[in-house]
Each structure stands twice: as structure tokens, then as C-alpha cells.
Amino acid sequence: MCVLPLMSLDHTRGPPAYDARMTDLASLSRRTNHLREASILRALTLKVNAFDDGINLGQGVCDLEMPGALRDAAIRSLTEDRATYTNFAGIKPLREQIIRRMRERYDLSYEMDEVVVTVGSSMAYTSTLMTLIDPGDEVILFEPFYPYHYTGALLAGATVRSIPLSLGDGGIQWDKLEGALCDRTRLIVLNTPSNPLGKVWTTDELDRLAALLDTSPAYIVTDEIYEDLVYDGREHVPPATRPGLYERTITISGLSKAYSITGWRLGWLAAPKALSGAIGPVFDVLAVCASRPLQHAAAAALAELPETYYTELRDGYSVRRRLLCDALRSGGFQVREPEGSYYVMADYTDRWGADTDPEDACFRLLDEARIAAIPATIFYAERPRPELRFQFAVEDTILEEVGRRLG
């Protein structure tokens, strides 16, 4: 039986699920059925917040300070700029900076009308799904996956096929991927670096994917929101840079993680004009445009902040990664250090046993150490591994306290 992400069937742990008996009106759409159970994330957040000294390493809200240049530019826009709509694709200065960034970093060339600024990278993904997916089309995800990639595809009417990554090294199981490809495959979703595993796709893997898709009409959607957080000398390689992939790739990214502004909801997509020109009007219908002051702030920060800002950001996260991994190991967890992003998947077999349900493990951790994590349940379409996900986008002192509680 499929375990749906973001859900808890134990309603005693959180707010009640939607009850169709509460209304005499027409029934709700079947496409949203998977979204109407009580949220395990909400239940965990309520419980950790009930502790005076609770530590929330669950949802990756990125509770760090934003760059001053970004904040100052937002204030200038609020006090000096107009408050009207922008072009649905975004203001020209911001799209110019995105184009420059992709050209200078990755030698990728996009025109102004091939970039669309969106309300967070999630809206870029949703707009892409609504543009390319018809009911019954198939979307391929790599498991463990980002839950919104899964729930968003279901919401669009797609059938999701998940390909498990190899246990241990996170490698691609090419035989299973090849077996999943068919004439109904519409999209393959990549997340590099990935949430929750921290996998970084390599050049060799992307080239092998390009060869596998040589005769396939499928598109690639690549979520690169963690592109600035790649560790141990690894390189972030956008799929669109590889031969045979540019024309079929929609690249999604944003600034939520790099600038610690997850609540600002500002992202973008870049794709050849045949794709961006179709996706942009769909985003227009869904959201009209991204916030004007935040767009001006992002344009200024991208123009003003040097590359050293991003390398120092990465180095700081690398220290936090070590602090969290050391703390988890001291607490009896088995840890595979992430190659990128700011999450760690930790196996709790040695601490509580492999038969312990991931959601039960989360509540045990809260009871024992007043620390919140996320159960592996939401990252798998089928049976999850005995794992919890922890985020380390917090101050070093908090991670040091985690080490004291678990050690």
C-alpha cells in the first residue's frame, strides 16, 4: 500500500483530517484527495513548540540572517518604487542578473524571454507541470524524493513512477530507470543537490541519462535550489549544460536557500523559448507576478554580492554539516554525509530498531531529547527506510546543543 507524503493517519497527533460530512455542498476534487489527511509536519511542529527548549531540525526553514544588501534593497523598493504589477515574467534587471549568473557560472546562454521569475521555485515547478502534464502522463522521480515534487505531480494528474537510489552511495539504478521509461513518460524530475539525501548528480551520470533519453520525447525538470551548497570539492553541474539535454530541460532555481529567505517566495525557471514561452502564461494565470519589492531586492543582491559570499556560505554550511553528523553518530544514528544541500538522512536502526515506524521514531526523539526531525515516510512512495531527516540551516550553537543532548 502506498504511503502518501505529508500525511499522518494518527489524528491524535495533530489537527483532524478533512471531514466530507462537514459540508452538504458538492464533493471536492479527486485530484486533491492525497492532500486531505492530517499533516505529520504540523503535528511535530506543535509538539516541539510546546517545549521551552525544543529544537526544530525538521522543516528546512533556514533560520539564518539574510544579506544586508538584500534587506536594504527591499526597503528602498518599498519606500521609493511603485507598487504595481510587474511583467508576469519578472522585472528586467532581475532577469538580466539571472542570465548573467547562469552564463558566468555554467556557460549557459538564455535570452530575456527564456527566463520567468516565479513565486518561489515551487511555483515554477507547478507551472511547468500544469503546462506539460495531461491526466495519465507519467512523471519519474528518484527516491527518496522531495515531497512536493511527488504531491505536485499527483495534483497535476500524473502517474508517478519512483526509482530508488542505491542504498549507501545514492547511485542511479539504471536498469530500473530504463524499465520505467515508456511512451507515456512526460517528465523526469532531477533534484541536484537533492532534498533529502543531498545527492549531487555527476557529469558522467548526466551524460548517461542523455544517452538513455536519446530517442525519448520526455522533458527534464531540474530543481537546483541548493546549487550553492555543494561540499568536499564537488561541482554543481546543471543538466542543461550537457550535450543532448539543453533543449529538453527546464532549469528551476531561486534564492531561498542562498540568501536565507525561505518566506520571501522568489524563484525562477530558465528554458528554451518553446518551453518558457508556454510555461510563463500559465504562471501568469496562477500568480500574476512575483512580489515587486522582492524582485528589486534580489536583482540588487545578485549584482552586488561577490562570489566570495557564496563560497563563505558553503564553507559555513560545511562546518554545520560536520557538527550535525557528529552529533547524530554520537546518538547512535548511522549517517551518510550529504554531498550537497543542508539535510542529513539518519538511520535509527541501532538506536530504536529497524521495525520502529519512522513517525513513531520522530515522537520518541521528541520525548527523549526535545528535538524534532522529519520521518522518512514522506520521502517514499512505498515502504520507507528506518530513517529520519534532519536539517542544519541553524546556528552552530544549536547544533552543538544537539550533540550534548544526543551524546
Checklist line | Residue in the range 270-283 that is polar (S, T, N, Q), surrounded by 15 or more Cβ atoms within 10 Å (Cβ to Cβ) and closer than 28 Å to residue 259 by Cα present | finding: yes
Notebook entry, point to check: How many residues, within the range 73-96, are over 27 Å from the mean Cα position of the chain (by Cα) and without any contact (Cβ under 8 Å) to a residue 24 or more places away in the chain?
Noted result: 3
Next item on the list: Any chance you could count how many residues in the range 248-262 are touching a Gly at 6+ places or on another chain (Cβ under 6 Å) and either outside the structural domain of residue 127 (by TED's automatic domain parsing) or surrounded by fewer than 24 Cβ atoms within 10 Å (Cβ to Cβ) (or both)?
Entry: 0
Check: Inside the range 124-159, can you point out the residues that are within 13 Å of the chain's Cα centre (by Cα) and of a type in the set (S, T, N, Q)?
Finding: 126, 151
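For every residue, the table says whether it meets (1) over 23 Å from residue 374 (Cα atoms); (2) at pLDDT 95 or above.
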position	(1), (2)
103	yes, yes
107	yes, yes
113	yes, yes
124	yes, yes
127	yes, yes
135	yes, no
143	no, yes
Next item on the list: Test residue 329 against the stated conditions and say whether it is among the basic types (Lys, Arg), in a helix (DSSP H, G or I) and touching a Phe, Trp or Tyr at 6+ places or on another chain (Cβ under 7 Å).
Entry: no
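Quick check on my filter: what residues within the range 15-37 are polar (S, T, N, Q), at pLDDT 65 or above and surrounded by 10 or more Cβ atoms within 10 Å (Cβ to Cβ)?
Within the range 15-37, 32, 33 qualify.
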Next item on the list: Output the number of the condition that residue 294 fails; it satisfies all remaining conditions of (1) farther than 29 Å from residue 197 by Cβ; (2) surrounded by fewer than 21 Cβ atoms within 10 Å (Cβ to Cβ).
Entry: (2)
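Residue 255 - would you say it is within 14 Å of residue 129 (Cα to Cα) and hydrophobic (A, V, I, L, M, F, W, C)? Step through it out loud before you land on a result.
On the way: within 14 Å of residue 129 (Cα to Cα): no; hydrophobic (A, V, I, L, M, F, W, C): yes.
So residue 255 fails the test.
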Notebook entry, point to check: In the range 248-282, how many residues are assigned to a loop (DSSP other than H, G, I, E, B) and of a type in the set (Phe, Trp, Tyr)?
Noted result: 2
Notebook entry, point to check: Of (1) free of Cβ contacts under 8 Å to residues at least 12 places away in the same chain; (2) assigned to a loop (DSSP other than H, G, I, E, B); (3) of a type in the set (A, V, I, L, M, F, W, C), residue 62 satisfies all except one. Which?
Noted result: (1)
Next item on the list: Give just the number: which of (1) crowded, with 23+ Cβ neighbours inside 10 Å; (2) touching a Lys or Arg at 6+ places or on another chain (Cβ under 7 Å); (3) of a type in the set (Phe, Trp, Tyr) does residue 348 not satisfy?
Entry: (2)
Check: Within the range 235-242, can one find any residue that is over 20 Å from residue 270 (Cβ atoms) and out of contact with any Cys (no Cβ under 6 Å at 6 or more places or on another chain)?
Finding: no
Margin query: Take the residues in the range 78-123 that are of a type in the set (Gly, Ala, Ser) and outside any loop (DSSP other than H, G, I, E, B); name whichever of them is nearest to residue 291 (Cα to Cα).
Written below: 120
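The values are calculated or read from the model by the stated rules, or taken from the named source; none is laboratory data. Keep in mind that this is a model prediction, so the values were computed, not measured. Neighbour counts are summed over all protein chains in view; Cβ atoms, including those assigned to glycine, are modelled from backbone coordinates with ideal geometry.
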